[in-house]
Amino acid sequence: MAADAAQPIAEARHVLFRAGGERFALPLSAVREVVLPQPPFARVPRSGPAVRGAMNLRGRVIALVELGALLELPHERLGPTAGQVLVLEGERPGLGVVVQAVLGVEVLGAGEPATVLDGAALQARAAAQFGGRA
């Protein structure tokens, strides 16, 4: 019975992406959608260094953080239209994480290793960049 319970976890699909030159994954259930950055970005006063700003996505305000900076990875800041935005699901709607490139959706273990991130922990860390307002 325990082996059957573990099987769905092993087969869970993840969104794979690159940030800071490294390969990461988020559970598919943590990502609402993937979009391209849509400047101009509104400035967010008193925000942390990982904050890119806020963008309008079909009438919704999405606060943006750069994952590389958020995780303190060595990286170059991406240009305004570079990379892709993972719009996250969860308690803080309207949060987008800017990554270098989305690689696809797949079951982990099928290819190159990736660091699996926890969606809720990522949102909490990003919220701290906005003084808890994201």
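Run the helix sum for the chain: -39,500 (n - 2.57) per DSSP H stretch of 4+ residues, divided by residue count, reported at 222 nm to the nearest 500 deg cm²/dmol.
Result for the chain: -5000 deg cm²/dmol, rounded to the nearest 500.
Using the Cα centre of the chain as origin and beta-carbon charges of +1 (Lys, Arg) and -1 (Asp, Glu), tell me which of 117, 53, 127 is placed farthest towards the positive end of the dipole.
Of 117, 53, 127, it is 53.
Could you work out the relative contact order of the stretch 66-127, using alpha carbon pairs under 8 angstrom and six or more residues apart, expressed as a whole percent?
Reported relative contact order: 31 percent.
Considering only DSSP states other than H, G, I, E and B, which GluC sites (Glu not before Pro) in the stretch 69-130 qualify as loop sites with at most 15 other Cβ atoms within 10 Å? Write out the running numbers ahead of the final one.
Numbers: sites: 72, 76, 89, 91, 106; in loops: 72, 76, 89, 91.
Passing sites in the stretch 69-130 are 72, 76, 91.
Using a simple charge model, +1 on the beta-carbon of Lys and Arg, -1 on the beta-carbon of Asp and Glu, nothing else, what dipole does the chain show about its Cα centre, in debye to the nearest 20?
Numbers: 13 positive and 12 negative charges, 152 e Å.
That gives a dipole near 740 debye.
May I ask what percent, to the nearest 5, of DSSP beta bridges between residues of the chain are antiparallel?
Restricted to the chain, the bridges split so that about 80 percent are antiparallel.
Counting only protein heavy atoms, what percent of the accessible surface of the chain is carbon or sulfur at a 1.4 Å probe?
55 percent
Work out which trypsin sites (Lys or Arg not before Pro) in the chain are exposed loop sites (DSSP not H, G, I, E or B, at most 13 other Cβ within 10 Å) and give the longest gap free of them.
Here the longest segment lacking exposed loop sites spans 78-132.
Where is the GNM fluctuation largest for the chain (alpha-carbon springs, 10 angstrom cutoff): 99, 51, 61?
Comparing 99, 51, 61 in the GNM, the peak value goes to 61.
How big is D for the stretch 19-83, in µm² s⁻¹ as a whole number, if Stokes-Einstein is applied with the Kirkwood radius of its Cα pairs at 10 °C and 1.306 mPa s? Numbers along the way, then the final one.
Working: Rh = 13.0 Å.
Translational diffusion coefficient: 122 µm²/s.
Expressed as a rounded percentage, what relative contact order does the chain have, with Cα pairs under 8 Å and six or more residues apart? Walk me through the numbers on the way to the answer.
Details: 263 pairs, mean separation 44.1, N = 134.
Relative contact order of the chain: 33 percent.
The values are calculated or read from the model by the stated rules, or taken from the named source; none is laboratory data. Because the structure is a prediction, the values reported are computed rather than measured. Backbone-built Cβ (ideal geometry, glycine too); neighbour counts: all protein chains shown. Note: accessible area is taken over every heavy atom of the protein model, side chains too, but ligands, DNA and RNA are not part of it. Shrake-Rupley method; radii C 1.70, N 1.55, O 1.52, S 1.80 Å.
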